[in-house]
Amino acid sequence: MVKPSRSYRVFQGVNGVILTLVVVVTLYPFVNIIARSFSGEREIRAGEVTLWPKGFNLTTYKIVLQDSMFWRNYGNTVLYTVVATAVAMGLTTCYAYVLSKKHLKGRTALVGIAVFTMFFTGGLIPNYVLITSLGLKNSVWAIALPNAISVFNLLVMKAFFENLPTELEEAAQIDGLSTYGILLRIVLPLSKAVVATMVLFYSVSFWNSWFSAFLYMDSSDLMPVTVYLRNLIQGATGGSNAGAGTEQLSQVGANIQAVAIILTALPIVCVYPFVQRYFVSGVMLGAVKG
């Protein structure tokens, strides 16, 4: 075994220090948010909360979690995220697979149409009129369909599919598989990394989205949890600033933003470790012999 040189050991030390500082700088805001969500109003307003809760208080959590509307809206968020992500993945995967075929006629035009939508949209009012005229208001489709394809995600999947060995698809064709069979039984199993990444991107986007529901949903029973927490923040901070709140309302106004961030981000944080393993897995290892 070759002994590392002195310069290499110095590099490792400096690299370790720099990465440690990056981790500390990255984690500090999250730890501070968690501490603020469990702290008392006086300590928060005095700026005494850093990495540990002070004046431990669960008032805001109790108010939010005991509200039946919160759980109804949370259920809506889960439904919207699951349905919208499934629709987005189906359309994006099919579109990307088609665009990855260089022999496809009109491929350049299809790519151009997709890229065009990155820079130009119909505008808020035309989109609202379109969704209303199609009868999609007050339904999950008002959230899922207008945002079904992210061009960035589409181009990432297209580039991944283009790098897959053509020999695998040719062998599958010889064995009698159709185009859909090749996609489902050959391409997708080898694309777990990019599929998992796109699922994460889409699910986070739909989970955090609030404006589409705010625009297309008329009833509070149909709103996602992000709109519920937005309204709660607006009401608590507004009432607190106006000096018209009780002691309980003042506590809510002090740490409602931190509580909202925790409650919104927690499910994604819990799911992320199960998806992360696909990011670094060698999905193509051993796929082509010889």
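The values are calculated or read from the model by the stated rules, or taken from the named source; none is laboratory data. Quantities reported herein were computed from a predicted structural model and do not represent experimental measurements. Don't worry about glycine lacking a Cβ; one is built from the backbone with ideal geometry, like all the others, and counts go over all protein chains shown. Quick note on the areas: whole protein, heavy atoms, side chains included, nothing else; ligands and nucleic acids left out. Shrake-Rupley method; radii C 1.70, N 1.55, O 1.52, S 1.80 Å.
Of the residues making up segment 39-73, those that are surrounded by 19 or more Cβ atoms within 10 Å (Cβ to Cβ) and closer than 14 Å to residue 231 by Cβ are 64, 73. Against the test of being aliphatic (A, V, I, L, M), modelled with pLDDT under 90 and not in a loop (DSSP other than H, G, I, E, B), the options 131, 113 yield a single qualifying residue, 113.
Being open to solvent by 50 Å² or more (accessible area, probe 1.4 Å) and outside any loop (DSSP other than H, G, I, E, B): is that true of residue 81 here? No, not satisfied. Annotation: of all residues in segment 133-153 being free of Cβ contacts under 8 Å to residues at least 24 places away in the same chain and more than 13 Å from residue 212 (Cβ to Cβ), the one that is least open to solvent (accessible area, probe 1.4 Å) is 135. Number of residues in segment 24-34 that are open to solvent by less than 80 Å² (accessible area, probe 1.4 Å) and free of Cβ contacts under 8 Å to residues at least 24 places away in the same chain equals 4.
Taken together, the residues in segment 228-261 that are open to solvent by less than 40 Å² (accessible area, probe 1.4 Å) and modelled with pLDDT of 80 or more amount to 7. For segment 154-224, the helices (runs of 4 or more DSSP H) that sit wholly inside it and include 2 or more residues that are out of contact with any Phe, Trp or Tyr (no Cβ under 6 Å at 6 or more places or on another chain) and buried (at least 20 other Cβ atoms within 10 Å of the Cβ) are 192-208, 211-216. Got a number for residues in segment 14-64 being modelled with pLDDT under 85, assigned to a helix (DSSP H, G or I) and not charged (D, E, K, R)? The number of residues fulfilling the criteria is 5.
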